[in-house]
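One structure is given here, and the rest of the page talks about it.
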Amino acid sequence: MGIKLWAKIKLPYILRLENEEKYEIELPSDEEFSLFRVSFFPNSDNPDNSNYLSEYREKSCNYIEIESIVKRFNYSDYPVRNSVIYNSYEVSEIDTTEIFKLVKNKLNIFLIELSKITKMFWITDISLNPISGVIGNRTDYTFVEPDTAISDNIRSYYTINDNYMEEVKRKEVKPINMDILSVFRNENSLILKPIWHNYLNKATKAMYSSENEEFIIYCAISAESFIKQLIKVNSNLKEKDIVLEKLTEVGKNQMVNTYFKIILKYLFGANLIDKEEVLHKNLLDIFTLRNEIMHKGYLDKSSFEKVGINELNFEQANLYLSRLHRAIEICLNLFAKNPIK
């Protein structure tokens with residue numbers, strides 16, 4: 001039977017239109033969708049669309065509408081939410097997120113091909129934020145029966161905005177005070193360049209945007225650049241060490257075990273396995289998945305089986321990231337406690 005999703009999506013960029021008019025395309029059906037229609041709307045002074053419009057008006061499109069029938073979900077499995085004009089349905093948060101993922105993936109494939117023809121480009125795909133549950137920057141949406149005709153005046157829908165940067169609460173956040181600021185009086189407090197931290201931030205953004213391949217790649221880059229910087233700084237502050245030079249040469253092929261296990265033990269008398277073994281396994285998993293992406297170009301079920309997980313969802317990605325943060329923290333503590341001769 002399926003279920004029909006109607007969604008209005010505010011784009012993170014602007015598309016150019018030949019004329020100030022609506023353009024519509026129905027994409028071929030596939031194993032997930034029996035209908036997938038995309039409508040491009042011109043920016044105008046229509047007050048009903050005021051939340052979607054940008055200041056740039058001339059022959060441009062700042063929002064689109066999606067009308068799709070998803071095969072694997074059935075409207076009869078959900079309670080009726082509103083029945084004033086037609087039945088709309090209360091779809092669970094888990095199922096809504098899964099449907100949005102399917103829509104996001106098909107939409108981005110279409111937009112990539114569109115960009116090749118039009119020569120327009122954008123620096124980010126339309127993402128799905130698993131915290132706010134929104135596609136793009138803002139989404140209005142409703143679920144109805146497959147044969148329901150979507151009118152131009154939809155009255156019953158949800159509205160969600162992409163404001164996770166404000167809504168995500170981190171219990172570990174500390175307010176700035178003089179004790180924190182005094183740390184930076186130490187000449188070694190800014191000794192590491194921020195490249196690894198920049199990639200940690202990129203990984204965090206990718207996690208919140210459900211960009212799983214990018215998330216893994218950024219985590220791996222952050223971990224590798226961090227540990228190599230740490231070892232290099234340590235070696236620069238000490239006399240030349242032939243053993244360390246040999247170990248770093250070997251580490252080109254076995255990065256995690258060589259750097260986070262053998263070299264840490266050699267330099268600081270302890271490593272991640274000694275402190276928290278799960279953190280070492282976490283790094284091995286990240287680099288295993290990174291290698292899967294490098295060799296295959298994507299992650300699939302067999303990739304996840306190699307690291308013992310069912311899928312790379314938000315919860316699993318957040319676990320990988322939090323453990324990576326913890327691994328870096330432990331390494332920094334080992335460095336700080338190691339007397340430099």
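The values are calculated or read from the model by the stated rules, or taken from the named source; none is laboratory data. The structure presented is a predicted model; accordingly, all values stated were derived computationally and were not measured. Note that each Cβ is placed from the backbone with ideal geometry, even for glycine, and that neighbours are counted across all protein chains shown. Remember, those area values only see protein heavy atoms, side chains included, never the ligands or the DNA or RNA. Shrake-Rupley method; radii C 1.70, N 1.55, O 1.52, S 1.80 Å.
Under a 5 Å amide H cut-off, with hydrogens placed 1.01 Å from N, Ser127 pairs with Gly136 among residues at least 5 apart or on other chains.
Computed with a 1.4 Å probe over protein heavy atoms only, the accessible area of His325 comes to about 90 Å².
Taking the accessible area of the range 195-337, probe 1.4 Å, and keeping the other protein chains in place, the carbon and sulfur fraction comes to 49%. Placing Met207, Met120 in order of accessible area, with the largest value first and a 1.4 Å probe, yields Met120, Met207. Full extension of the chain segment joining Ile160 with Arg16 gains 49.3 nm, where the gain is 0.36 nm per residue of separation less the Cα-Cα distance.
Ordered by 1.4 Å accessible area with all protein chains kept, Ser210, Ser222 run largest first as Ser210, Ser222. Rounded to the nearest whole Hz, the Karplus-based 3J(HN,Hα) values (6.51 cos²θ - 1.76 cosθ + 1.60, θ = phi - 60°) of the range 30-35 follow the sequence 8, 5, 9, 10, 8, 8, with x at glycine and proline. In a DSSP loop and with at most 10 other Cβ atoms within 10 Å, the chymotrypsin sites (Phe, Trp or Tyr not before Pro) in the range 266-341 are Tyr298.
Apply 1/(1 + (r/R0)^6) to the Cβ-Cβ distance of Met1 and Leu114, taking R0 = 51 Å, and write down the FRET efficiency to the nearest 0.05. Rounded to the nearest 0.05, the efficiency is 0.95.
For the range 195-337, pairs of C-alpha atoms spaced more than 25 angstrom apart make up 27 percent of the total. Taking all protein chains together, Glu24, Glu93 sort by accessible area into Glu93, Glu24, largest first [probe 1.4 Å].
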